[in-house]
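The block underneath contains the structure these notes are about, expressed in structure tokens.
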Amino acid sequence: MKKQKIQATVAAIIENQKDEILLEKRNVNPFKNFWCLPGGHIEFGENALKAVKREIREEVGLKINPIFLFYQDEIIKKLNWHAIVLVFYAKIKKQKVRIERKEVKEIIWIKPKKALKLKLAFKHKEIIKQFLELKRCLKECF
């Protein structure tokens, strides 16, 4: 049996002042032309916080101060893909987005519930659902 590697990745839920989240349309495979949260692989020797800051700066030119929210298992058998995604959250004020065209075709700011209706890459639909549930729980509990 061939040994497989589990990928360590990060994703960011970046929210603006209108409570919209940032999504990217992928310009690369897998999932080319699907929408996703910004993020990517953790490099060897890099911690997750530095990785998410680097990925966001590289892909959309934003400087963020994220907090860790939760993790998501991503197992996609048809792609032979298994990743542990560390999901971070950042709220931003007015910053200009600068798209890195090699990986990102376009971006949108969208309400999370509307985002669930889009063609989303990987398991990002589950991540957004979990984020919405977390926000709902926090509002009810505090």
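I need the full set of residues from region 103-135 which are in contact (Cβ under 8 Å) with a residue 60 or more places away in the chain and over 14 Å from K25 (Cβ atoms), in order please.
Initially, region 103-135 is screened for residues in contact (Cβ under 8 Å) with a residue 60 or more places away in the chain, giving 103-112, 115, 118-122, 124, 127-128, 130-131, 134.
Within region 103-135, K111, P112, I127, I128, Q130, F131, L134 meet the criteria.
The set of residues in region 45-81 that are assigned to a strand (DSSP E or B) and either hydroxyl-bearing (S, T, Y) or more than 14 Å from the chain's Cα centre (by Cα) (or both) comprises Y71, I75, I76, W81. Would a scan of region 52-75 turn up a residue that is touching a Lys or Arg at 6+ places or on another chain (Cβ under 6 Å), more than 22 Å from K5 (Cα to Cα) and modelled with pLDDT under 95? Yes, region 52-75 has at least one match. Residues in region 47-83 that are surrounded by 15 or more Cβ atoms within 10 Å (Cβ to Cβ) and more than 19 Å from L22 (Cα to Cα): A48, E74, W81, A83.
Select from region 99-117 the residues that are assigned to a strand (DSSP E or B), of a type in the set (A, V, I, L, M, F, W, C) and closer than 13 Å to F34 by Cβ and list them in ascending order.
Keep residues of region 99-117 that are assigned to a strand (DSSP E or B), which gives 104-110.
Pick out the ones that are also of a type in the set (A, V, I, L, M, F, W, C) and you get 104, 107-110.
Hits for region 99-117 are V104, I108.
The values are calculated or read from the model by the stated rules, or taken from the named source; none is laboratory data. All of these numbers come straight from a predicted model, not from anything done at the bench. All Cβ positions, even for glycine, are placed from backbone atoms using ideal geometry, and neighbour counts span all protein chains on display.
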